[in-house]
Structure formats: structure tokens, C-alpha cells
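Notes to accompany the following structure.
The values are calculated or read from the model by the stated rules, or taken from the named source; none is laboratory data. Note that the coordinates shown come from a computational prediction; the quantities given were computed from them, not determined experimentally. In this analysis, Cβ positions are derived from the backbone assuming ideal geometry, glycine residues included, and neighbour counts consider all displayed protein chains. For accessibility, only protein heavy atoms count, side chains too; no ligands or nucleic acids. Shrake-Rupley method; radii C 1.70, N 1.55, O 1.52, S 1.80 Å.
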Amino acid sequence: MSSPMSASNFLDALKDEGLTVVQVGDWRTHNRNHKGPWGPVHGVMLHHTVTKGTARTVEICRDGYPGLPGPLCHGVIAKDGRVHLVGYGRANHAGLGDDDVLRAVIAERRLPADNESNTDGNRHFYGFECENLGDGKDPWPDVQLEAIEKAAAAVCRHHGWNAPSVIGHLEWQPGKIDPRGFSMAGMRNRIHERLK
């Protein structure tokens, strides 16, 4: 069981991993904590944004949209590899997912198929939205993939987690396809190598 790190520790962890971080407005206190608890935290969840253009992507992820208020993640990983911090605390990124998947993440074992939506993921996961259209055609630049690897590894390193603590939205919630365009198994391999 892990308590979320402080906003300052989160920022430091990302920078210590070699990332370029952009702090957006009042990100340290911008959250959905009034809707429920954040923590204990058990892992990192990766998403794609279905957007184009970094400025607009960051704006949407910070502010949300009708029916889904922001922040929609903690950090937005742009095509150029920069991580834009848009919120800290409970964020609207994971939604309801599978309790069996959560137990597997906690135990750091092979993930079962996600076949139900009965558990609040916003409480338990750090979330990174990655700028991509998610159509399977929009490229993932090497610098962006490296930043995704570093961001997830930074959080894992702080908490003493291993690569199995990093999942994609598609592994958490039935019907989701993100992140599309790279494999989560491959990304976990990269994170594993970085954490050695």
C-alpha cells in the first residue's frame, strides 16, 4: 500500500529521470479530490489523447470537456517528449475498471482479461495522457516513447514498484483501446530495463 507522493516529490522524480517538465498553472492543487479519495496508489496508467496539437491537448487535459471535468491526468506527454503537468491528486483518467486487474497490479503478476467495471481507478493510479490521435496511423516519435518510459519509471522508482505496475487503459476498462500504436508488453520491457 502506497500513499501518493507529494506534488514536489512527483516533480523531482520526473526531473531526476531526465525529463523536461512544463508546469501548467496551479497544477499542484488542481484535482478532483472533492469527489473522493486519492490513494492508496498502486500503479501508473497510460492513455492516448485522441487529439492533435500540443497546446490544445494540454488545454483539454487540464480543463476537461462537458461531461468530464479536468484534470484528465497528472501529466501530458507531448510528441516532443516534454511532460506537461496539469493536475495533481484525483484525476478523471481511469474511470471504473476491473478489480481483478487491480489485484494483479498490486501483486505485480500477469494481468487477467478486463471483463468488468466495478472499481474506481481514479483513486489508485497515476495517469499520463500521451499526445496521439489513437488511430493506429499517427506516429509515436522515439523521443515521446522514451519520455513515456521515463515518466512511468520515475513513478515506479519512487514507490519501489516494478514494470508490471504500469498498465494501459485498454488493460483496465473493457472497451478501451488506448494507448494504440505501441504495445504495453513492449513498453513494460523498456521500463523494466530502465529500472535495473
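So here's what we get for this one:
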| quantity | calculated |
| --- | --- |
| Candidate set from the stretch 102-126 (those that are of a type in the set (V, I, T) and in contact with a strand residue (DSSP E or B) (Cβ under 7 Å, 6 or more places away or on another chain)); member that is surrounded by the fewest Cβ atoms within 10 Å (Cβ to Cβ) | T119 |
| Conditions (1) buried (at least 17 other Cβ atoms within 10 Å of the Cβ); (2) in contact (Cβ under 8 Å) with a residue 60 or more places away in the chain: number failed by I60 | (2) |
| Single match in K35, K15, K52 (criterion: under 21 Å from H159 (Cβ atoms) and either among the hydroxyl-bearing types (S, T, Y) or open to solvent by 50 Å² or more (accessible area, probe 1.4 Å) (or both)) | K15 |
| Selected residue (criterion: most open to solvent (accessible area, probe 1.4 Å)) from residues of the stretch 1-12 that are farther than 24 Å from K79 by Cα and either assigned to a strand (DSSP E or B) or aliphatic (A, V, I, L, M) (or both) | M1 |
| Residue in the stretch 163-173 that is among the charged types (D, E, K, R) and either under 21 Å from R82 (Cα atoms) or open to solvent by 60 Å² or more (accessible area, probe 1.4 Å) (or both) present | no |
| Filtered residues of the stretch 108-138 (kept if of a type in the set (S, T, N, Q) and under 12 Å from I167 (Cα atoms)) | none |
